[in-house]
Amino acid sequence: KQEVTQIPAALSVPEGENLVLNCSFTDSAIYNLQWFRQDPGKGLTSLLLIQSSQREQTSGRLNASLDKSSGRSTLYIAASQPGDSATYLCAVIPGYNKLIFGAGTRLAVHP
Amino acid sequence: GAVVSQHPSWVICKSGTSVKIECRSLDFQATTMFWYRQFPKQSLMLMATSNEGSKATYEQGVEKDKFLINHASLTLSTLTVTSAHPEDSSFYICSASGGVTYEQYFGPGTRLTVT
């Protein structure tokens, strides 16, 4: 059974720091991996989707890497801002259409 | 593009009543829709997957007679929580998929509180 773990569970940092959020999964046979952002009481916003044949994706200050063989993905946030405060969810896609989520990392960036 | 809406955004109901939540894909045809629930400070758990015109496929442990899912058109799926109880209080999120990449697009969620 595929399990997704995110570390740390919570993170509080001052503005401007570069951050690393970790995601690990137990079964390396995945189709894609996706990172989402969730603001309190809201739905999910897709940040980056990495296909299994790719090793990383970048969007603005965000960079996500994928190492399928070791079952790990990392989300790197450069020059963090208070507006980045949210919960970040990692999800693996083991096959057609199905998403399996980690518990998330709750990020607080303070001025 | 790829906008998914949910209605209502929040609902309070009394124990024993039924509640219907709608999920709509506004600018694309969703061949598949998904329903998730999320408890406070926990992650999303997939409840069921529905394909347009077919019966929903429920995840293990989800009562199909309690959580009725209908996907009658390519833009609308509904989740009905029947005979709701306080333990059904949760955040329900739908997603829709219909593109070539099978990427899921998420709705804003519905907060259900059963008193």
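Miscellaneous remarks
- Efficiency of FRET between residue A:15 and residue B:76 - r from beta-carbon atoms, R0 35 angstrom, step 0.05: 0.25
- Where no second cysteine Cβ lies under 4.7 Å, the cysteines concerned in the protein assembly as shown: B:13
- Cα gyration tensor shape of the protein assembly as shown, rounded if a/c is under 1.5, else prolate or oblate by comparing a/b with b/c: prolate
- A dipole drawn for chain A from +1 and -1 charges on Cβ atoms has a positive end, and of A:21, A:47, A:10 the residue lying farthest that way is A:47.
- If you plug the beta carbon distance of residue A:76 and residue B:45 into 1/(1 + (r/R0)^6) with R0 = 22 Å, you get a FRET efficiency near 0.20.
- Charge tally in the Cβ shell below 15 Å around residue A:76, where Lys, Arg are +1 and Asp, Glu are -1, residue A:76 excluded: 0
- The reciprocal of the average 1/r between distinct C-alpha atoms defines the Kirkwood hydrodynamic radius, which for region A:34-100 equals 12.8 Å.
- Accessible-area rank, largest first, for B:35, B:10: B:10, B:35, with all protein chains present and a 1.4 angstrom probe.
- Expressed as a fraction of 2.2 N^0.38 Å, the C-alpha radius of gyration for region B:1-89 is 1.08.
- Ligands, DNA and RNA aside, residue A:17 has an accessible area near 80 Å² when probed at 1.4 Å.
- Pairs beyond 27 Å (Cα-Cα), from A:42/B:66; A:1/B:14; A:68/B:55; A:98/B:66: A:1/B:14; A:68/B:55
The values are calculated or read from the model by the stated rules, or taken from the named source; none is laboratory data. A quick note: this is a predicted structure, and the numbers were derived from the prediction, not measured. No Cβ is skipped: glycine too gets one built from the backbone with ideal geometry, and neighbour counts run over all protein chains shown. We work out accessible area using only protein heavy atoms, side chains counted, and drop any ligands, DNA or RNA first. Shrake-Rupley method; radii C 1.70, N 1.55, O 1.52, S 1.80 Å.
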